[in-house]
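Bear in mind these aren't lab numbers, they're just calculated from the coordinates by the rules spelled out. If you're wondering where the values come from, they're calculated on a predicted model, not measured in any experiment. So basically every Cβ, Gly included, is an ideal-geometry build from the backbone, and we count neighbours across all protein chains shown.
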């Protein structure tokens, strides 16, 4: 799959608060609920092997089961089963999508009709951030990690590609679900980096009580 026309119009949905998947990034998941075990099994039977990660939205929908309007679909790239029947999978981020409507049916898990329009860039090459001042960014990140008692492989961060660094931090830092959603919806790597910097600065000013790595 290398263009949005290759992507299906209906996908299975995994609402998981605080979990963020971004295009070209990887998200490991531990699957144990029966309905999501079935979802993985069904996805593995398809050519695309796609699962749509999305944030719940408790203020919309019936019975507090609403969904955000934008999520990100991932392809199952790694899969293993434990002796007690749980699955360990890795999703490789493919493309963001916009929910059109939820599909009613007999499936134990949720499905949605989705649109891939407007997210064509997700299926392209890695993005670069020409204005990225890595030295200043890592200095800010270092102060944040110190404040939270965290450690990091700074040599790796210094050498990582722009997109890998920004997207990995966006996914790994423990942020509020609405902040994760803002990072997901950022239209470019530049705006995602700017959003991430704003959130880190806010945390350093005491806006967040905790900020640990997942």
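How do 168, 12, 151, 95 line up, fewest other C-beta atoms within 10 Å first?
Taking fewest neighbouring Cβ atoms as first place, the list is 151, 168, 12, 95.
To the nearest 10 degrees, how steeply does helix 162-172 sit against the main Cα axis of the chain, on a 0 to 90 scale?
Between helix and principal axis, roughly 70 degrees.
Expressed as a whole number of Å, what is the distance separating the alpha-carbon centroids of the range 159-197 and the range 35-109?
One Cα centre to the other: 21 Å.
Taking 0.36 nm per intervening residue step and subtracting the Cα-Cα distance, what contour gain separates residue 84 from residue 164 on full extension?
Gain in length upon complete extension: 25.4 nm.
Can you give the extra length, in nm with one decimal, that the chain gains between residue 100 and residue 125 once fully stretched, where that is 0.36 nm per residue apart less the Cα-Cα distance?
6.3 nm is the gain from fully extending residue 100 to residue 125.
Largest first and in whole Å, give the semi-axes of the chain's equivalent ellipsoid, each being the square root of 5 times a Cα gyration tensor eigenvalue.
30, 19, 18
For an R0 of 25 angstrom, estimate the FRET efficiency from the Cβ-Cβ distance between residue 178 and residue 38 and round to the nearest 0.05.
In this case the efficiency is close to 0.25.
Quick check on the range 134-204: take the gyration tensor over C-alpha atoms, sort the square-rooted eigenvalues as a ≥ b ≥ c, and tell me if it's rounded (a/c under 1.5), prolate or oblate.
In terms of gyration-tensor shape, oblate.
When only C-alpha pairs under 8 Å and at least 6 residues apart count, what is the relative contact order of the chain, in percent?
It rounds to 22 percent for the chain.
Students often get this wrong: which residues of the range 129-146 have the backbone nitrogen under 20 Å from the point 7 angstrom along Cα-to-C-beta of residue 155?
Taking a point 7 Å out along Cα→Cβ of residue 155, the residues of the range 129-146 whose backbone N falls under 20 Å are 135, 138-139, 142.
Label residue 201 and residue 117 with points 7 Å out from Cα along Cα→Cβ: what is the distance between them in nm?
Going from the residue 201 label point to the residue 117 one covers 3.6 nm.
Say R0 is 35 Å: what FRET efficiency, to the nearest 0.05, do residue 75 and residue 134 get from their beta-carbon distance?
Once the sixth-power term is evaluated, E becomes 0.70.
Determine, for each peptide in 131-144, 180-193, the mean count of other beta carbons within 10 angstrom over its residues, then list the peptides with the highest first.
Top of the packing list down: 180-193, 131-144.
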